[in-house]
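Chemist: A single structure is presented below for examination.
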Amino acid sequence: MSHTPMISQYLKIKKQYPDAVLFFRLGDFYEMFFKDAELASRELEITLTTRDGGSERVPMCGVPFHAADSYIARLIGKGYRVAICEQVEDPSKAKGIVQREVTRVVTPGTIIDGQLLEDKKNNYLCCIAPGADGYGLAFSDVSTGAFIISFFTGDKARTLLLDELARLSPAEVIMPLTSVACFSEDLKLQGIKTISGYRDTAFTMIEAAQILENKLRDSFKNQFNAKPELTIPVAGALLSFLKDTQKRDLAHINRVQYFLHGKFMVLDAATRRNLELTRAISDGSRKNTLLAVLDRTVTAMGGRLIRNWIEQPLLDRDEIESRLDAVEELAGKVIFRQDVKEVLKNIYDLERLAGKISFGSANARDLVALKKSLSYLPKLKQLLCQAETKLIKNIRDNTDTMEDITDFLDAAINDDPPVSLRDGGIIKKGFNSEVDRLRRAGLEGKTMLAGMEERERARTGIKSLKVGFNKVFGYYIEVTRANLDLVPEDFQRRQTLANAERFITRELKEYEDMILGAEDRLVQLEYRLFNEIKGKIGGEIQRIQTSATAVARADALCSLADAAVEGRYTRPELNSKGQLYVIEGRHPVLERVLETGQFVPNDTLMDNQKNRMVLITGPNMAGKSTYMRQVALIVLMAQAGSFVPASKAVLPLVDRIFTRVGASDDLAGGQSTFMVEMNECRTIVTGATEKSLVIMDEVGRGTSTYDGISIARALAEYIHLHIRAKTLFSTHYHELTDLEQIPGIVNLNVAVEENGEDIVFLRKVISGKADRSYGIHVARLAGLPGEVIERAAEILKSLEDIKKSSRQVAAAEEIEEDVLKLKEHPVLQELRNIDVLEITPMDALNKIYTLKKKIDEVNN
């Protein structure tokens, strides 16, 4: 099959990117051909047509280049990759087919365009690989320049890696091609849609070390001291992947951070889901989550940081106290906090602006946004001088005000430049003398045009004569049909319209050459100067990133202070004795949903000895789950550096929080409700330590009653006696309440008030155990039909009568059995054999003594 030169060029480039949709630039459009056209037409709902491809017509569709971002976003959102193929030479100077090449491959994990990203959420690209004794992990947010590495070893390495991926919720995960099969199923269960195999050679120590050394230079050797055999392959492969897809050096990725998992509280995927930290179980949104409660940030950077703080509670007491000190100061100084926030509101996303500058995609308006943002840093630093706490002082010291960059941008870029870099109007007057000269020439030429227009009107007597311009024909003189008889001979016809004719003259052509020549040179010069300006700013990326970090921390701390003040939170007291005392604790999310005063606060008392496990009984809907979750959230908030919803809170440092809450099938994984429950229990008993906090809600209800009771009891005993973790354990199995006989286990129940056939949930957790489940009452509250409720009550009474009757029968049988045993007793046999008429009084006394002795021996 023969193809046209252009289609042949397309096929040659497409062969290099078989797994991507190729956006092939043709003039003002990106075109797609063959199977890509059919896919794009279907997914983007655009018209599929055909084009001459040589020996036959080929499928084709396209999108305007100026609107391409929205179409790319839709494809990326559906999990596709997009290869952007641009014209890399001037079509007017091309000999034959215009040279084209792919300038970038957009994947879900390499998005940098703001409209494709969530402002307050990182867009992570993760790289994982197995090693001899564990797993390496590297992850980056290309839009901000974050580049972080970690490793996991030991028998729980894979579980810890998957837990970390659950936290990161990456847009894309890459790994060696040979590892895809053993990871893809687990990653899909984590909700990760894009899983890509990457060439194995990129993960070799030699190639990975080389690319890292080329990127990081002298700092390379100092940044990979811990487990280099696990971290170097993934870090190098990640950089290699970015180089292959982005086709440029990403200067804003200039430092490596270590993520040490021993520095943060570990939260597995089930716990993050059950506690609804950043995503609601109901719809996956942030509404009614802990993040929605605590995030009062006014910058995108601060929003991303506070999300990370919530997802990574600290383990170091000094760090926590430092964060709490800062929150306390900001909460107590209302005017100071409001002044800081007013400044922060004016600061754009410095991290992502730095990324766009480094990437080369920043336009003039991005530089204006950068200038405006930097102009507020001196005021921010001045305000932070009022601070007394260590952390805020540290933020102040790390705020580079960058007046030199602000002044440079203010002198160079117009305050309101166009979006396109090819429209001119970018460079400010006075920055470059040649730009000023060309602008004057253009303006003078247009002034001359206006004069010419007046002269021609006077010369021809055509009052409606006008000089106009369009991009196709250039400058022209337009005369209506009614005045064509007045047109002089030196007018040369250029275009015929329905109601007018357009002409050109020698004088107009001279003006056109002068104006357009000046404008063309001006646009080219401004474009070149803009790139030079952008390059100079690119050399200051690290300074911008340092200040961006300071801004984000200030914003996140103000956010926690706002939440503390509005929510009437208290500063938690941390202790090393294992004490967990909460007075009038509240659920931070639920109390916001309910009307003021509706939420009922509750106390919690736990320690390492007498109150290590709390068994909670009570009916459904009474508030058991809410109570347990609120304790977990209070602990987590404290270790994130937040004040907590309580009148008083004395808390231990917890290394992990585990939750076994709710019931759901895992249809995709082929697991029943009960299997999901048992897997979560396994995670707890294999991962918890005596420093962990465990939440177990209704364990064992996914199977038969006796199985459920047995498993629940065995788990409670094992966690309490062997792991010794602080545990809140709710149950409907009242048979478990006798576990309070084991030292360290106490019973609590949720109070209920009965009023005839109705009940009122008091939501108050009190000491002792519940004696009823109130299931039928709850069914009535749920609105089940009356006949169902009545029948249920009849069945319940019948079952209770049977149970009562069974107990009576059992008691009678036990008495009868005892009587039979008495009849067969050897002492009775001897008594029967005595002849009372023949025995003397003395022999009778001796016999009684002997028999009594035998009875005593049997009883002992």
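Chemist: Got at least one residue in the range 322-332 being of a type in the set (S, T, N, Q) and out of contact with any helix residue (DSSP H, G or I) (no Cβ under 9 Å at 6 or more places or on another chain)?
Modeler: Keep residues of the range 322-332 that are of a type in the set (S, T, N, Q), which gives 322.
Within this subset, residues satisfying the condition of being out of contact with any helix residue (DSSP H, G or I) (no Cβ under 9 Å at 6 or more places or on another chain) are none.
The answer is no; no qualifying residue exists.
Chemist: Okay, moving on. Across the range 274-289, which residue is surrounded by the most Cβ atoms within 10 Å (Cβ to Cβ) among those that are of a type outside the set (S, T, N, Q) and more than 13 Å from the chain's Cα centre (by Cα)?
Modeler: That would be LEU275.
Chemist: Would you please list the contacts, defined by Cβ atoms under 7 Å and residues six or more apart or on different chains, that run from a residue in the range 37-62 that is under 15 Å from LEU11 (Cα atoms) and open to solvent by less than 30 Å² (accessible area, probe 1.4 Å) to a residue that is assigned to a loop (DSSP other than H, G, I, E, B) and of a type in the set (S, T, N, Q)?
Modeler: Partner pairs satisfying both residue conditions: GLY53/THR4.
Chemist: Go through the range 337-382 and count every residue that is of a type in the set (Gly, Ala, Ser) and in contact with a Lys or Arg (Cβ under 7 Å, 6 or more places away or on another chain). Spell out how you get there, then give the answer.
Modeler: Start the filter on the range 337-382 by keeping residues that are of a type in the set (Gly, Ala, Ser), which leaves 354-355, 358, 360-362, 364, 369, 373, 375.
With in contact with a Lys or Arg (Cβ under 7 Å, 6 or more places away or on another chain) added as a condition, the list becomes 360, 362.
So the answer is 2.
Chemist: Taking VAL565 as the residue in question, decide whether it is outside any loop (DSSP other than H, G, I, E, B) and either open to solvent by less than 20 Å² (accessible area, probe 1.4 Å) or free of Cβ contacts under 8 Å to residues at least 40 places away in the same chain (or both).
Modeler: Working: outside any loop (DSSP other than H, G, I, E, B): yes; either open to solvent by less than 20 Å² (accessible area, probe 1.4 Å) or free of Cβ contacts under 8 Å to residues at least 40 places away in the same chain (or both): no.
Against the criterion (outside any loop (DSSP other than H, G, I, E, B) and either open to solvent by less than 20 Å² (accessible area, probe 1.4 Å) or free of Cβ contacts under 8 Å to residues at least 40 places away in the same chain (or both)), VAL565 does not qualify.
For every residue, the table says whether it meets (1) touching a residue at least 12 places away in the same chain (Cβ under 8 Å); (2) exposed (fewer than 15 other Cβ atoms within 10 Å of the Cβ); (3) part of a helix (DSSP H, G or I).
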position: LYS372; (1), (2), (3): yes, no, yes
position: PRO378; (1), (2), (3): yes, no, yes
position: ALA387; (1), (2), (3): yes, no, no
position: GLY424; (1), (2), (3): yes, no, no
position: GLU444; (1), (2), (3): no, yes, yes
position: ALA458; (1), (2), (3): no, yes, yes
position: LYS463; (1), (2), (3): no, yes, no
position: VAL479; (1), (2), (3): yes, no, no
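Chemist: Answer yes or no as to whether LEU11 is part of a helix (DSSP H, G or I), within 38 Å of the chain's Cα centre (by Cα) and either closer than 18 Å to VAL102 by Cα or not charged (D, E, K, R) (or both). Spell out how you get there, then give the answer.
Modeler: Values: part of a helix (DSSP H, G or I): yes; within 38 Å of the chain's Cα centre (by Cα): no; either closer than 18 Å to VAL102 by Cα or not charged (D, E, K, R) (or both): yes.
The answer is no for LEU11.
Chemist: Determine whether the range 344-354 contains at least one residue that is touching a Pro at 6+ places or on another chain (Cβ under 7 Å) and either crowded, with 22+ Cβ neighbours inside 10 Å or closer than 24 Å to LYS121 by Cβ (or both). It would help to see each step written out before you state the result.
Modeler: Within the range 344-354, the first condition is being touching a Pro at 6+ places or on another chain (Cβ under 7 Å), and the residues that meet it are none.
No, because not a single residue in the range 344-354 is touching a Pro at 6+ places or on another chain (Cβ under 7 Å) and either crowded, with 22+ Cβ neighbours inside 10 Å or closer than 24 Å to LYS121 by Cβ (or both).
Chemist: Can you name the residue in the range 254-269 that is modelled with pLDDT under 90 and of a type in the set (A, V, I, L, M) and, of all such residues, is farthest from the chain's Cα centre (by Cα)?
Modeler: Step by step, filter the range 254-269, then rank; the result is VAL256.
For every residue, the table says whether it meets (1) open to solvent by less than 30 Å² (accessible area, probe 1.4 Å); (2) part of a loop (DSSP other than H, G, I, E, B); (3) closer than 29 Å to ALA552 by Cα.
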residue: THR144; (1), (2), (3): yes, yes, yes
residue: ASP155; (1), (2), (3): no, yes, no
residue: LEU161; (1), (2), (3): yes, no, yes
residue: VAL180; (1), (2), (3): no, no, no
residue: LEU187; (1), (2), (3): yes, no, no
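Chemist: For the range 152-162, does any single residue satisfy the condition of being touching a His at 6+ places or on another chain (Cβ under 9 Å) and at pLDDT below 95? Spell out how you get there, then give the answer.
Modeler: Kept after step one, since they are touching a His at 6+ places or on another chain (Cβ under 9 Å), are these residues of the range 152-162: 152, 160.
So of that shortlist, the ones also at pLDDT below 95 come out as 152, 160.
For the range 152-162, residues touching a His at 6+ places or on another chain (Cβ under 9 Å) and at pLDDT below 95: present.
Chemist: Test of understanding: among ARG81, ARG25, ARG57, ARG74, which residue is under 18 Å from ILE97 (Cβ atoms) and basic (Lys, Arg)?
Modeler: Numbers: ARG81 fails: under 18 Å from ILE97 (Cβ atoms); ARG57 fails: under 18 Å from ILE97 (Cβ atoms); ARG74 fails: under 18 Å from ILE97 (Cβ atoms).
Only one candidate passes the filter, namely ARG25.
Chemist: Taking the stated definitions as given, is TYR80 aromatic (Phe, Trp, Tyr) and open to solvent by less than 40 Å² (accessible area, probe 1.4 Å)? Spell out how you get there, then give the answer.
Modeler: Details: aromatic (Phe, Trp, Tyr): yes; open to solvent by less than 40 Å² (accessible area, probe 1.4 Å): no.
So TYR80 does not fit the description; no.
Chemist: For the condition open to solvent by 10 Å² or more (accessible area, probe 1.4 Å), aromatic (Phe, Trp, Tyr), in contact with a strand residue (DSSP E or B) (Cβ under 7 Å, 6 or more places away or on another chain) and more than 27 Å from LYS341 (Cβ to Cβ), what is the one hit in TYR581, TYR627?
Modeler: Values: TYR627 fails: open to solvent by 10 Å² or more (accessible area, probe 1.4 Å).
Answer to the selection: TYR581.
Chemist: Of the residues that sit in the range 669-713 and are modelled with pLDDT under 75 and under 19 Å from MET628 (Cα atoms), which one is surrounded by the fewest Cβ atoms within 10 Å (Cβ to Cβ)?
Modeler: Of everything passing the filter in the range 669-713, ARG701 is surrounded by the fewest Cβ atoms within 10 Å (Cβ to Cβ).
Chemist: Within the range 87-125, restricting attention to residues that are assigned to a helix (DSSP H, G or I) and more than 24 Å from LEU291 (Cα to Cα), which residue is nearest to the chain's Cα centre (by Cα)?
Modeler: The initial filter retains those residues of the range 87-125 that are assigned to a helix (DSSP H, G or I), namely 91-93, 114-116.
Pick out the ones that are also more than 24 Å from LEU291 (Cα to Cα) and you get 91-93.
Details: PRO91: 44, SER92: 47, LYS93: 48 Å.
Here the residue is PRO91.
Chemist: Right, here's the next one. Does SER773 meet the test of being modelled with pLDDT under 65, under 16 Å from ILE616 (Cα atoms), outside any strand (DSSP E or B) and among the hydroxyl-bearing types (Ser, Thr, Tyr)?
Modeler: Details: modelled with pLDDT under 65: yes; under 16 Å from ILE616 (Cα atoms): yes; outside any strand (DSSP E or B): yes; among the hydroxyl-bearing types (Ser, Thr, Tyr): yes.
Considered against the rule, which asks whether it is modelled with pLDDT under 65, under 16 Å from ILE616 (Cα atoms), outside any strand (DSSP E or B) and among the hydroxyl-bearing types (Ser, Thr, Tyr), SER773 comes out as yes.
Chemist: Any idea which of THR271, THR299 is buried (at least 23 other Cβ atoms within 10 Å of the Cβ), out of contact with any Leu (no Cβ under 8 Å at 6 or more places or on another chain) and either farther than 29 Å from ALA548 by Cβ or β-branched (Val, Ile, Thr) (or both)?
Modeler: Values: THR299 fails: out of contact with any Leu (no Cβ under 8 Å at 6 or more places or on another chain).
One residue alone meets the criteria, THR271.
Chemist: Could you tell me whether any residue of the range 529-548 is over 38 Å from the mean Cα position of the chain (by Cα) and either closer than 30 Å to ALA326 by Cβ or not polar (S, T, N, Q) (or both)? If you could, list the steps in order and put the result at the bottom.
Modeler: Going through the range 529-548, the residues over 38 Å from the mean Cα position of the chain (by Cα) turn out to be 529.
Still in the list and also either closer than 30 Å to ALA326 by Cβ or not polar (S, T, N, Q) (or both): 529.
Yes; the residues of the range 529-548 include at least one that is over 38 Å from the mean Cα position of the chain (by Cα) and either closer than 30 Å to ALA326 by Cβ or not polar (S, T, N, Q) (or both).
Chemist: Has the range 197-208 got any residue that is in a strand (DSSP E or B), open to solvent by 10 Å² or more (accessible area, probe 1.4 Å) and either within 30 Å of ALA270 (Cα to Cα) or touching a residue at least 12 places away in the same chain (Cβ under 8 Å) (or both)? Let's see the steps before the verdict.
Modeler: Taking the range 197-208 and keeping what is in a strand (DSSP E or B), we get 197-198.
With the extra rule that they be open to solvent by 10 Å² or more (accessible area, probe 1.4 Å), the set shrinks to 197-198.
Filter again for either within 30 Å of ALA270 (Cα to Cα) or touching a residue at least 12 places away in the same chain (Cβ under 8 Å) (or both), leaving 197-198.
Checked against the condition, which is being in a strand (DSSP E or B), open to solvent by 10 Å² or more (accessible area, probe 1.4 Å) and either within 30 Å of ALA270 (Cα to Cα) or touching a residue at least 12 places away in the same chain (Cβ under 8 Å) (or both), the range 197-208 yields at least one hit.
Chemist: Sticking with this one: Which one of these does GLY236 not meet: (1) free of Cβ contacts under 8 Å to residues at least 60 places away in the same chain; (2) surrounded by fewer than 20 Cβ atoms within 10 Å (Cβ to Cβ); (3) not polar (S, T, N, Q)?
Modeler: Of the numbered conditions (1) free of Cβ contacts under 8 Å to residues at least 60 places away in the same chain; (2) surrounded by fewer than 20 Cβ atoms within 10 Å (Cβ to Cβ); (3) not polar (S, T, N, Q), the odd one out for GLY236 is (2).
Chemist: Here's another thing I want to ask about it. Of all residues in the range 350-400, count the ones that are touching a Ser or Thr at 6+ places or on another chain (Cβ under 8 Å), of a type in the set (S, T, N, Q) and within 23 Å of LYS428 (Cβ to Cβ).
Modeler: So the answer is 2.
The values are calculated or read from the model by the stated rules, or taken from the named source; none is laboratory data. Fair warning: this is a prediction, and the values are worked out from it, not measured in the lab. Heads up, the Cβs are rebuilt from the backbone with ideal geometry, glycines too, and the neighbour counts pull from every protein chain shown. Only protein heavy atoms, including side chains, enter the accessible area calculation; ligands, DNA and RNA are left aside. Shrake-Rupley method; radii C 1.70, N 1.55, O 1.52, S 1.80 Å.
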